[in-house]
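The values are calculated or read from the model by the stated rules, or taken from the named source; none is laboratory data. All values reported here derive from a predicted model rather than from experimental measurement. Please note: Cβ atoms are built from the backbone with ideal geometry, for glycine as well, and neighbour counts cover all protein chains shown.
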Amino acid sequence: MRPFTYMRATDAQSAVRAAAVSADSHVRSPVQYLAGGTTLIDLMKLDVMRPTQLVDISRLADSRMREIEATSAGVRIGSLATMREVADHPAIRRDYPVLSESLWLAASQQIRNMAHVGGNVLQRTRCAYFRDTSWPCNKREPGTGCSALDGMNRWHAVLGASEQCIASYPGDWATALIALDASVETLSEKGPRSLRFSALHRPPGSTPHIETNLAPGELITAFLVPAGAHTRRSLYLKIRDRESYEFALASAAIALDLNGDTVRDVRIGLGGPVSVPWRSREAEKLLVGKPLTEANAQAAAKAAFAAARTRKHNAFRVPLGRETLVRALMQARSMEVAV
Ligand SMILES: Cc1cc2nc3c(=O)[nH]c(=O)nc-3n(C[C@H](O)[C@H](O)[C@H](O)COP(=O)(O)OP(=O)(O)OC[C@H]3O[C@@H](n4cnc5c(N)ncnc54)[C@H](O)[C@@H]3O)c2cc1C
Ligand code: SF4
């Protein structure tokens, strides 16, 4: 690991001041916030991330950054709440099960105890070429090429990728957040702002090294998830190579409002072979106003992956993704929902 300076911030304002850097520092940003460190320290040890300064935000005095507040309008989740705290919160388990399940099915208990949800949404791809500095990688070193295009691309994206990068976004919770129309509160030297969660991550395009629309040094302070008739009948289905401690090969976050058997409203997030947290509006459109039958779910799943572009080793993820979505929709239909 390379040398760096360490500073423990006492509150959000001082953290943001310490992290204020020039706007062209997206590549290997010289200043990084340290939350749980489970992504950052890992990548520093691999020499993939090389910050020269860490601003420790794990003990900020701002209590609202770790609180979870549930009201009739929705739930506000401070970015410094841990994955375990959010997964285990009674109101979230009852009213937003998809948020809880997507966290329970992520990583390991030790990581969920340590990692914060702000860091969780900003985790980096698990692309093996990105994590090994001996390979060319446009995301790590812009302009060097993408080793995955003709390499081992079983873990890579079929939706949203570009010719410059086919990495997949690995997080589970973000798939639930995008399905539930969450938004993000941030703080920077310019002050606080709010943005839709769907606008947080950037598809790779020709600049895969710029992964989010956050300005350098912009701090995520909270997530807001609006309440709705669909949030109680919600679930997260994750398919992986082994049943625990593994990233998704395919996943689906569903939030469903039924009128009898007919779909009044449905929200669909897809995870696994996607370049950024993915919302499938095509599939939603096909389902609204129709009975939720297996045939209709199959048609929606087909639409969800209609734009898929596969490579040598990842074509299996299209039928797997479709089947995952169909199963998730059928499970959501038969969920028992307390009123
Ligand atoms: C072995 C292993 C298995 C895993 N399995 C899964 C899995 O199955 N599913 C899954 O979803 N995840 C998985 N993860 C990823 C894990 O969930 C993330 O590493 C973790 O959530 C990151 O949170 P953190 O607090 O440790 O972030 P850190 O490592 O501290 O930070 C990550 C990044 O976010 C930035 N950051 C942190 N907080 C903020 C903030 N508030 N505002 C702005 N920037 C911030 C940091 O500067 C850094 O760049 C796994 C990780 C490991 C190591
Ligand atoms: S897929 Fe993206 S992260 Fe992986 S090698 Fe290619 S450019 Fe790098």
> Among the candidates E284, E323, E294, which residue alone is under 17 Å from K238 (Cα atoms) and in contact with a helix residue (DSSP H, G or I) (Cβ under 8 Å, 6 or more places away or on another chain)?
Replying inline: E323
>> Restricting to the stretch 191-240, count the residues that are of a type in the set (S, T, N, Q) and within 23 Å of S102 (Cα to Cα).
In response: 5
>> If I ask for residues that are crowded, with 21+ Cβ neighbours inside 10 Å and either in a loop (DSSP other than H, G, I, E, B) or without any contact (Cβ under 8 Å) to a residue 60 or more places away in the chain (or both), which ones from the stretch 65-80 would you list?
In response: S79, L80
>> Test of understanding: among A87, A81, which residue is under 18 Å from G269 (Cβ atoms), of a type outside the set (D, E, K, R), at pLDDT 95 or above and more than 16 Å from ligand 2 (Cβ to nearest atom)?
In response: A87
>> List the residue pairs whose Cβ atoms are under 6 Å apart, where the first residue sits in the stretch 222-247 and is closer than 30 Å to L187 by Cβ, the second is of a type in the set (G, A, S) and within 15 Å of ligand 1 (Cβ to nearest atom), and the two are 6 or more positions apart or on different chains.
In response: A222/G78; A222/S79; F223/A182; L224/S183; V225/A182; Y236/S102; Y236/A176; Y236/A253
> Is there a residue being more than 16 Å from ligand 1 (Cβ to nearest atom), touching a His at 6+ places or on another chain (Cβ under 6 Å) and basic (K, R) anywhere in the stretch 139-156?
Replying inline: yes
>> For the condition part of a strand (DSSP E or B), away from ligand 2 (no atom under 16 Å from the Cβ), under 19 Å from the mean Cα position of the chain (by Cα) and surrounded by 19 or more Cβ atoms within 10 Å (Cβ to Cβ), what is the one hit in V225, V266?
In response: V225
> Any idea which of S168, S206 is touching a residue at least 24 places away in the same chain (Cβ under 8 Å) and surrounded by 18 or more Cβ atoms within 10 Å (Cβ to Cβ)?
Replying inline: S168
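This table checks each residue for (1) at pLDDT 95 or above; (2) of a type outside the set (F, W, Y); (3) within 16 Å of ligand 2 (Cβ to nearest atom).
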residue: P97; (1), (2), (3): yes, yes, no
residue: E101; (1), (2), (3): yes, yes, no
residue: A107; (1), (2), (3): yes, yes, no
residue: G119; (1), (2), (3): yes, yes, no
residue: G151; (1), (2), (3): yes, yes, yes
residue: W155; (1), (2), (3): yes, no, yes
residue: S168; (1), (2), (3): yes, yes, yes
> So is S134 away from ligand 1 (no atom under 11 Å from the Cβ), out of contact with any helix residue (DSSP H, G or I) (no Cβ under 7 Å at 6 or more places or on another chain) and either free of Cβ contacts under 8 Å to residues at least 40 places away in the same chain or not in a loop (DSSP other than H, G, I, E, B) (or both) or not?
Replying inline: yes
>> Out of Y236, Y245, I need the residue that is within 16 Å of ligand 1 (Cβ to nearest atom), within 15 Å of the chain's Cα centre (by Cα), aromatic (F, W, Y) and more than 23 Å from M49 (Cα to Cα). Which one?
In response: Y236
> Cβ-Cβ below 6 Å, separation at least six or inter-chain, first residue in the stretch 317-339 and outside any helix (DSSP H, G or I), second exposed (fewer than 14 other Cβ atoms within 10 Å of the Cβ) and aromatic (F, W, Y): which pairs?
Replying inline: none
